[in-house]
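A quick write-up on the structure given underneath.
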Amino acid sequence: MLTGLSRNEFQDRSVKSRMAQPTSADGNRFQQRASLYGLYDLFLFVSVPDAAPLIYEVTTTNPKECLLSWSPIPAEHHRGVLLGYRIVYTPESDALNSSNITVSVSEYRGIPVNGLRDYTKYLLKVAGFTSKGDGNYSTVEDCQTLESG
């Protein structure tokens, strides 16, 4: 914290610091700047979330659908503005045929994954994302769709 400076000296140093383009140790630029009471600038590091959501329930609802529910990423692990969650699902027997669903952060953290094949085992995982990309994915959970009758 800078102390002993007049407001004009402080503003002059703030203007100079804005021109500095600070970077983090890994070379990423600090992307967001928030002004606090117009007195100084606070640089926020924006990256991808450094924690994964926790899948707590996967249930089969019908031959073409599984319901996936997860706990949100704690705010201290967002590392920027959390924009949403990305769910990746893949038939276990066809790893090259994965699909994904993107949901906004404000939506309920439980969604149906539909349009699946009958009587097929799927592998599901979920990650939060920011403007920089996807964070860590959850552990992979499986869901076996029902046989159509």
Exercise. Identify all residues within region 106-140 that are within 14 Å of S71 (Cα to Cα) and without any contact (Cβ under 8 Å) to a residue 24 or more places away in the chain; write none if there are none.
Key: S106, E107, Y108
Exercise. Would you tally the residues in region 46-82 being of a type in the set (A, V, I, L, M, F, W, C), surrounded by fewer than 17 Cβ atoms within 10 Å (Cβ to Cβ) and farther than 19 Å from V140 by Cβ?
Key: 2
Quiz item: Which condition number does C143 fail, the rest of (1) out of contact with any strand residue (DSSP E or B) (no Cβ under 6 Å at 6 or more places or on another chain); (2) buried (at least 17 other Cβ atoms within 10 Å of the Cβ); (3) over 29 Å from S47 (Cα atoms) being met?
Solution: (1)
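Go over the candidates K125, K121 one by one and state the one that is loosely packed, with under 14 Cβ neighbours inside 10 Å, out of contact with any Lys or Arg (no Cβ under 7 Å at 6 or more places or on another chain) and at pLDDT 95 or above.
On the way: K125 fails: loosely packed, with under 14 Cβ neighbours inside 10 Å.
Going through K125, K121 in turn, the sole match is K121.
Return the residues of region 89-115 that are part of a loop (DSSP other than H, G, I, E, B) and in contact with a Phe, Trp or Tyr (Cβ under 6 Å, 6 or more places away or on another chain); say none if nothing qualifies. Let's see the steps before the verdict.
Initially, region 89-115 is screened for residues part of a loop (DSSP other than H, G, I, E, B), giving 92-98, 105-109, 115.
Within region 89-115, R109 is the sole residue that qualifies.
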Quiz item: Within region 107-116, is even one residue in contact with a Lys or Arg (Cβ under 9 Å, 6 or more places away or on another chain) and of a type in the set (D, E)?
Solution: no
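The values are calculated or read from the model by the stated rules, or taken from the named source; none is laboratory data. Because the structure is a prediction, the values reported are computed rather than measured. Here the Cβ is made from the backbone with ideal geometry for all residues, glycine too, and neighbour counts use every protein chain on show.
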